[in-house]
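Engineer: Attaching a single structure in structure tokens format; questions to follow.
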Ligand SMILES: *Cc1c(COP(=O)(O)O)cnc(C)c1O
């Protein structure tokens, strides 16, 4: 049987004869073999649903044949992507999905059964909380939300039927962190699975699996795609979990990534490190500018020295991406709206992680920066900004003129 017809995903171990490749090299080359694709440097889009099998016997044994059969099960373009993503997250395996939410749902369904209990970070992505707190009621699965800024908050929330800790570090509006090493140690002692949303940091700045986290989630709609032209999701993690997810939630529930979107994500990955270096550089310049501005109460950005969890951030993150938020001293809904409307280069749109700058008005609970105290219901108004790849002087001038209004 020719290797050319075998599924690629399992044939690229992390280390190669030249030693383990580094991040940027994985993005450029890992799991690619032009000799399999008529010498094409860029892997082709296998835009097909089915694959021919050589004979009836192979058909009968197709599940164990190592061959491609059906693109809902495996597709060569997506396999290259999944092998790269596993290597970038420094873990065993990855599975792509048609959206971040499809990936999150698959990770949760993998982890819990009817009647189980979940402890989740209260500032995690909104639709994630809807799945956890509302949809899962159908299966009598309950959830306790914790602030998550101290590991004791997780310990206090554990019940005899707790099966999952759902984490998002940093979270994407107020940028609270969880101590991934500590939370994972606590989970392990209680036989609890840990799932962490790593969309904000991307694998370039953080690898939760290195701290023992079982499953990492990405909305690849954000930095992994990076160009605001795909909706996609990723799960990466230990083989024991990912093998089951590939076979069950990943294949049976059908939320696969289509080959063209896989190809676009491969294209996005080629510039991931370069883009994130620039997002970080510009976001840090913006965060420092905003922090010094007389109208602004505080800036929420894990890259700033003033972040309440800066020491933890430095121990878990290798850098900071382009998404941040701030609160006005004199904040009201009108003040936030006026600011966002006055921006020239920032588009008003959901999502983030593309090449372009974005701004939305936000309100966050007063006192959210205190690590222990539960915030009051009083709200503080501001804006969430995604700092794109435009010239930094244009970005700063734009913010400056909008803040004068
Ligand atoms: C956008 C987002 C998601 C959901 O991803 P989709 O690709 O929109 O389904 C999950 N988590 C975080 C932190 C996000 O920002």
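The values are calculated or read from the model by the stated rules, or taken from the named source; none is laboratory data. Remember, it's a predicted structure, so these values are computed and weren't measured experimentally. FYI the Cβ positions are ideal-geometry reconstructions off the backbone, even for glycines, and counts take in every protein chain you see.
Engineer: Restricting attention to region 270-303, and to residues there that are surrounded by fewer than 20 Cβ atoms within 10 Å (Cβ to Cβ) and touching a strand residue (DSSP E or B) at 6+ places or on another chain (Cβ under 7 Å), which single residue is farthest from residue 314 (Cα to Cα)?
Structural biologist: 295
Engineer: Can you run down the residue pairs with Cβ atoms below 6 Å, 6 or more apart or on separate chains, where the first is in region 217-245 and more than 15 Å from residue 267 (Cβ to Cβ) and the partner is surrounded by fewer than 18 Cβ atoms within 10 Å (Cβ to Cβ) and at pLDDT 95 or above?
Structural biologist: 238/92; 239/92
Engineer: With respect to residue 374, determine if the residue is in a strand (DSSP E or B), surrounded by fewer than 22 Cβ atoms within 10 Å (Cβ to Cβ) and in contact (Cβ under 8 Å) with a residue 24 or more places away in the chain. Lay out the reasoning, then the answer.
Structural biologist: Working: in a strand (DSSP E or B): no; surrounded by fewer than 22 Cβ atoms within 10 Å (Cβ to Cβ): yes; in contact (Cβ under 8 Å) with a residue 24 or more places away in the chain: yes.
Considered against the rule, which asks whether it is in a strand (DSSP E or B), surrounded by fewer than 22 Cβ atoms within 10 Å (Cβ to Cβ) and in contact (Cβ under 8 Å) with a residue 24 or more places away in the chain, residue 374 comes out as no.
Engineer: For region 213-223, does any single residue satisfy the condition of being in contact with a helix residue (DSSP H, G or I) (Cβ under 9 Å, 6 or more places away or on another chain), more than 14 Å from the ligand (Cβ to nearest atom) and at pLDDT 95 or above?
Structural biologist: yes
Engineer: Assess whether residue 230 counts as being within 16 Å of the ligand (Cβ to nearest atom) and at pLDDT below 95.
Structural biologist: On the way: within 16 Å of the ligand (Cβ to nearest atom): yes; at pLDDT below 95: no.
When the stated conditions are applied, residue 230 does not pass them.
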